[in-house]
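Chemist: Below you'll find the structure I mean.
The values are calculated or read from the model by the stated rules, or taken from the named source; none is laboratory data. In this text the structure is predicted, and so the values were computed from the model without any measurement. Positions of Cβ are generated from backbone atoms using ideal geometry, with glycine treated the same way; all protein chains shown enter the neighbour counts.
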Amino acid sequence: MKRVLFLFAVIAFVSCKSDKKTENQNATVEAVEKTEKQNDELTLLKGEFIYYADAAVLQTTKEVYAVVIDEKMQELNELVQQYKKEVTDMVPVEIKGKISPKPENEEGWAFRVEIVEILNVSKPNPEGGEIITIGKD
């Protein structure tokens, strides 16, 4: 449980940092990663995915979602492994999923997503993000 809370704290810390991209790059990123409501009651989500220490998270430009751990999440985790250098690396993905509020008795993010379809997994941009390394002394 401590690992899950630590992972959430790291993601929250990274998402709170100020972004130093140019205004033009920000517009492009927002256009590509925004969420869209589909006619099939699924939501298209584009963001960065991580599964670490029994916690799966999808971070978009506007929201952070807990990902339901099931067969589809495991399939996505297998696909992102080819792009990870460290176990804590986040990988850009595009999925369709069902968004629901978290149950009141659960800890974590306000919303969770159940992956229904995996559309795309892409290589992380090495220049686009900040790297946080957790070392042992």
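Chemist: What about Gly128, is it of a type outside the set (Phe, Trp, Tyr), under 16 Å from Gly47 (Cβ atoms) and either surrounded by fewer than 12 Cβ atoms within 10 Å (Cβ to Cβ) or modelled with pLDDT under 95 (or both)?
Modeler: For Gly128, the condition - of a type outside the set (Phe, Trp, Tyr), under 16 Å from Gly47 (Cβ atoms) and either surrounded by fewer than 12 Cβ atoms within 10 Å (Cβ to Cβ) or modelled with pLDDT under 95 (or both) - is met.
Chemist: Can we say Ala53 is over 23 Å from Pro126 (Cβ atoms), among the small types (Gly, Ala, Ser), at pLDDT below 95 and more than 14 Å from the chain's Cα centre (by Cα)?
Modeler: It is true that Ala53 is over 23 Å from Pro126 (Cβ atoms), among the small types (Gly, Ala, Ser), at pLDDT below 95 and more than 14 Å from the chain's Cα centre (by Cα).
Chemist: Write out, first by first residue and then by second, each pair whose Cβ atoms fall under 6 Å of each other, whose residues are 6+ apart or on separate chains, and whose first residue, in the stretch 70-95, is more than 11 Å from Tyr51 (Cα to Cα) and in contact (Cβ under 8 Å) with a residue 12 or more places away in the chain while the second is in a helix (DSSP H, G or I) and aliphatic (A, V, I, L, M).
Modeler: Cβ pairs passing all conditions: none.
Chemist: On to the next question. Within the stretch 104-125, track down each residue that is closer than 21 Å to Leu42 by Cβ and outside any strand (DSSP E or B).
Modeler: Listed by number, the residues that qualify are Trp109, Ala110, Ser122.
Chemist: Out of Leu58, Leu44, I need the residue that is surrounded by fewer than 19 Cβ atoms within 10 Å (Cβ to Cβ), within 17 Å of Leu119 (Cβ to Cβ), among the aliphatic types (A, V, I, L, M) and out of contact with any helix residue (DSSP H, G or I) (no Cβ under 8 Å at 6 or more places or on another chain). Which one?
Modeler: When all the criteria are applied, what remains is Leu44.
Chemist: OK, next. Residues of the stretch 87-123 being surrounded by 15 or more Cβ atoms within 10 Å (Cβ to Cβ) and in contact with a helix residue (DSSP H, G or I) (Cβ under 6 Å, 6 or more places away or on another chain), which ones?
Modeler: Matches in the stretch 87-123: Val91, Ile115, Ile118, Val121.
Chemist: Next question, about the same structure. State whether one or more residues within the stretch 75-86 are of a type in the set (A, V, I, L, M), assigned to a strand (DSSP E or B) and surrounded by 11 or more Cβ atoms within 10 Å (Cβ to Cβ).
Modeler: No, the stretch 75-86 has no match at all.
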